[in-house]
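Since the structure comes first, as structure tokens, the remarks are kept for the end.
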Amino acid sequence: WVSCGCLLLLLLSASPVAATSQRPVFQRSDSGRRLLANFGLDHLLPVRLQCCFPQDYPSKSPPHFRLSCLWLSDVQLTVVCQQLEEMWQECQGMPILFTWMDWIQNSVLGHLAIGNQLVLAPGLEPDVPVTSGANASGNRHISKQVCVATEDVETIVEALIVYNRQKEDEEFLVNQQTCEVCYDEKLGCEFVRVPDCWHCFCLSCTGDYCRLHVKEGTVQKLSCLDPGCDSLLPLETMKEVLDGQEYSRWERLLLQRTLETMSDVQYCPRCEMAVAYEDDGQHAQCANCFYNFCRDCQEAWHQGDCFAEEEGAASTKKKNKKKKG
């Protein structure tokens, strides 16, 4: 162990879990010297086996191979290499490649005594035997991916999360899903899944929901369709369910509603474009038509107090509450 180490416990499950792609939450250990975290995965990055076949394969020589895996240590990779070489010795003279591939795919975790938990930690090597001698030949090469620093663990975790999410998205698209609004069952490719909460709804229900809010101008309420969820619908969803005219109206209304919440923005009394100002003075200039006006009375720029101050204030209030359709 190292004093600034990071320990991660990856929970490997055989069946999909609803929120497996959530990022791990790090916590300090009781000593305060290590960061601990755990999270679930359904899919691990593959173990890569690259082979080069000599001319006398398979009659005399085995393949030259390169073995690499981001989440296995140097010691674990060495153990796997030794097993592959032993398998060749048992089947010498026979084609071995597909036997290797099948073993890596189905038996490598059991051979390394990895059950439903995978531990990553800097400077921590698993308690597995390593032998040397006749089997440790020059036919193999290990691409070293060893957890030796906290930064390496963070890189591995990021890669595992991204890969797991990609595989889950692929499965989602080709499997039947149930809409949480209309309860119809369709393929995942006909669904929208909200990234932050993972609630999923069919394109038809999502489109009707978005078009209704755009028509009524309540674009600030375009969040997840689940009544108890405040996750916002992503931009990609809006582009997918709205036509060109509806999408343009949504963009325009969203910008306007955002500007209306900003205390340092007013509308130009001449061209009605939004004007932002930085100082506390009365002067404002429109960047669109270059009109200079008074922020208090909305009239052309002047020095000193505003004339008809009450009327000017009323005009300001009216113009800045104007809604664009």
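The values are calculated or read from the model by the stated rules, or taken from the named source; none is laboratory data. Keep in mind it's a predicted model, so treat the numbers as computed, not measured. In case anyone asks, the SASA skips ligands and DNA or RNA and just uses the protein heavy atoms, side chains included. Shrake-Rupley method; radii C 1.70, N 1.55, O 1.52, S 1.80 Å.
Any chance you could count the Lys pairs in segment 160-263 whose alpha carbons are under 25 Å apart, treating pairs 8 or more apart or on different chains as valid? Present the calculation step by step, with values, prior to reporting the outcome.
Values: K167/K186; K167/K239; K186/K239; K215/K239; K221/K239.
Here the count comes out as 5.
Based solely on C-alpha atoms, express the radius of gyration and the Dmax of segment 153-246 in angstrom.
14.9, 49
Work out how much length D74 to A300 would gain on full extension: take 0.36 nm times their residue separation and subtract the Cα-Cα distance, in nm to one decimal.
Contour length minus Cα-Cα distance gives 73.8 nm.
If ligands, DNA and RNA are left out, what is the accessible area of T155 with a 1.4 Å probe, given in Å² to the nearest 10?
90 Å²
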